[in-house]
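Just below is one structure, and these are the notes that go with it.
The values are calculated or read from the model by the stated rules, or taken from the named source; none is laboratory data. Computed from a predicted structure; not experimentally measured. As a convention, Cβ positions derive from the backbone with ideal geometry for all residues, glycine included, and neighbour counts pool all protein chains shown.
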Amino acid sequence: MLSEFQKFVLKGNVVDLSTGVIIGAAFGEIVKAFSTGIVSPLLSLLGGKPDVSLKVGIFDLGVVISSVLGFLITAAVVFFVIIKPTNKLMALVTAKEAAAPPAAPPASEILLTEIRDLLKAQSNH
């Protein structure tokens with residue numbers, strides 16, 4: 001059972017996922033700082049108020065609305081600062097790879113092709 005667990009933990013997907021979570025948490029701090037230092041002051045200049053107070057009975061809906069606004073701001077920052085440029089870069093790389101001439105076959109493959117052709121020629125005589 002221990003070896004199965006070790007195989008599971010060392011699988012690429014588990015390592016990739018854990019790395020992604022760690023990087024995501026660290027990146028979350030960058031996004032939070034960007035939102036706090038740049039986006040919130042811009043909203044304040046435009047007359048927006050990021051904190052919303054809305055109490056309905058015992059429920060504070062303002063907290064939920066503020067969280068949703070914070071999420072949308074964070075998602076927009078991630079999309080426009082990370083996702084869009086990354087997609088554009090990947091499209092450029094893919095286009096460059098598609099335009100490149102195909103790689104020459106290895107010498108062993110060329111040799112095997114020549115042997116095959118010689119054997120075909122001998123069998124036809």
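Residue pairs whose Cβ atoms lie under 7 Å apart, separated by 6 or more positions or on different chains, with the first residue in region 21-45 and under 12 Å from Val77 (Cβ atoms) and the second hydroxyl-bearing (Ser, Thr, Tyr) and part of a helix (DSSP H, G or I), are Val31/Thr74; Ser35/Thr74. Scan region 106-120 and give yes if some residue there is outside any helix (DSSP H, G or I), among the small types (Gly, Ala, Ser) and modelled with pLDDT of 75 or more, otherwise no. No, region 106-120 has no match at all. Please go through region 62-93 and pick out each residue that is modelled with pLDDT under 85, more than 25 Å from Ala25 (Cα to Cα) and loosely packed, with under 11 Cβ neighbours inside 10 Å. Listed by number, the list holds a single entry, Val93. The residues of region 49-61 that are of a type outside the set (A, V, I, L, M) and surrounded by 10 or more Cβ atoms within 10 Å (Cβ to Cβ), listed by number, are Lys49, Pro50, Asp51, Ser53, Lys55, Phe59, Asp60.
Under the condition of being on the phi > 0 side of the Ramachandran plot and assigned to a helix (DSSP H, G or I), the residues counted in region 54-90 number 0. Within region 73-124, work out how many residues are among the aromatic types (Phe, Trp, Tyr) and in contact (Cβ under 8 Å) with a residue 12 or more places away in the chain. Of the residues in region 73-124, 0 are among the aromatic types (Phe, Trp, Tyr) and in contact (Cβ under 8 Å) with a residue 12 or more places away in the chain. When residues in region 35-61 are screened for being at pLDDT below 75 and among the hydrophobic types (A, V, I, L, M, F, W, C), 6 of them pass.
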